[in-house]
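This report refers to the structure that appears directly beneath it.
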Amino acid sequence: GVMDHETFLSTPICFYYTPLDIQGLMELLIQHPDVYLVTDSKDTDEQSVRAQLRGLAQAVEATGRPELWNRIIVQIYHQEMYTWVKEETPVTNFIFTLYQIENPDYHQIGAFCQERGIQVVTMAAERLTKERSDILHSYGCKVYLHTVNRLRQMLESNWGADGFYSDCVTPSQLEGVLAGTNQMYLS
């Protein structure tokens, strides 16, 4: 079921991580200027997406720090969502994620991203092929893979990936494995 707000905030995630509500996220962004927030709402219907974006906009506005928008990256799940985000917020940083699109047309997605200045496309690691990576790169997109929790899998797919989502592998761990090589650009 859905927890009430107080229970959510007082229940560590995976018995370790401190949950944050939207005000906590804003405080985190203010206190740590090197932190970026990437949204991952899972919702794709217009009403839910717009409501979430309005809540985010209200939270940023309440801080009195509009520059926080420079560190908020909205992940979109389909092309229509881009318009909704632009109409509700001043967001300029986007990620186009493909996991909810069954049979993506990589040329169409690449062109869409290029026209709108979306620099990153993310997909499940299992979807990556050299052809798909080459197509997206030809449109100026960086390709990120999710979720990759093994260094070996990162190394095996590094010919087409510019970066990875991971629950546990840190950049320093990956850099340690790649030390002295030119195998990958790690973002």
task = Kindly indicate whether Val35 is touching a helix residue (DSSP H, G or I) at 6+ places or on another chain (Cβ under 8 Å), under 28 Å from Ile101 (Cβ atoms) and modelled with pLDDT of 95 or more.
result = no
message = For the stretch 1-50, which positions are touching a strand residue (DSSP E or B) at 6+ places or on another chain (Cβ under 6 Å) and farther than 28 Å from Glu87 by Cβ?
response = Pro19
ask   = Does Val85 satisfy the condition of being open to solvent by less than 30 Å² (accessible area, probe 1.4 Å), over 14 Å from the mean Cα position of the chain (by Cα) and within 21 Å of Gln47 (Cα to Cα)?
value = yes
query = If you take the residues of the stretch 129-160 that are at pLDDT below 90 and of a type in the set (Gly, Ala, Ser), which of them is least open to solvent (accessible area, probe 1.4 Å)?
reply = Gly160
Within the stretch 1-114, helices (runs of 4 or more DSSP H) holding 2 or more residues that are touching a Lys or Arg at 6+ places or on another chain (Cβ under 8 Å) = 22-31, 79-88
request  = Report yes if some residue within the stretch 167-177 is open to solvent by less than 50 Å² (accessible area, probe 1.4 Å), in contact with a strand residue (DSSP E or B) (Cβ under 9 Å, 6 or more places away or on another chain) and modelled with pLDDT under 90; otherwise report no.
outcome  = yes
request  = Please work out which one of (1) buried (at least 16 other Cβ atoms within 10 Å of the Cβ); (2) within 28 Å of His32 (Cβ to Cβ) is the condition Tyr106 fails and give its number.
outcome  = (2)
request  = Being surrounded by 18 or more Cβ atoms within 10 Å (Cβ to Cβ) and in contact with a helix residue (DSSP H, G or I) (Cβ under 6 Å, 6 or more places away or on another chain) is the filter here, so list the residues in the stretch 43-58 that pass it.
outcome  = Val49, Leu53
query = In this structure, is Tyr144 touching a residue at least 40 places away in the same chain (Cβ under 8 Å), at negative phi and among the aromatic types (Phe, Trp, Tyr)?
reply = yes
inquiry  = If I ask for residues that are in contact with a helix residue (DSSP H, G or I) (Cβ under 9 Å, 6 or more places away or on another chain) and acidic (Asp, Glu), which ones from the stretch 81-104 would you list?
reply    = Glu87, Glu88
task = Output the qualifying pairs, or none if there are none: Cβ atoms under 6 angstrom, residues six or more apart or on different chains, first residue in the stretch 162-173 and farther than 17 Å from Ile95 by Cβ, second residue surrounded by fewer than 17 Cβ atoms within 10 Å (Cβ to Cβ) and not hydrophobic (A, V, I, L, M, F, W, C).
result = Asp167/Asn149; Cys168/Asn149
task = Would you mention how many residues in the stretch 99-113 are among the polar types (S, T, N, Q) and either without any contact (Cβ under 8 Å) to a residue 24 or more places away in the chain or closer than 12 Å to Ile135 by Cα (or both)?
result = 2
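The values are calculated or read from the model by the stated rules, or taken from the named source; none is laboratory data. Just so we're clear, the structure is a prediction, and the values are computed from it rather than from any experiment. Methodologically, a virtual Cβ is constructed for each residue, glycine included, from the backbone with ideal geometry; neighbour enumeration extends over all protein chains shown. Areas reflect the complete protein model, heavy atoms only, side chains present, ligands, DNA and RNA absent. Shrake-Rupley method; radii C 1.70, N 1.55, O 1.52, S 1.80 Å.
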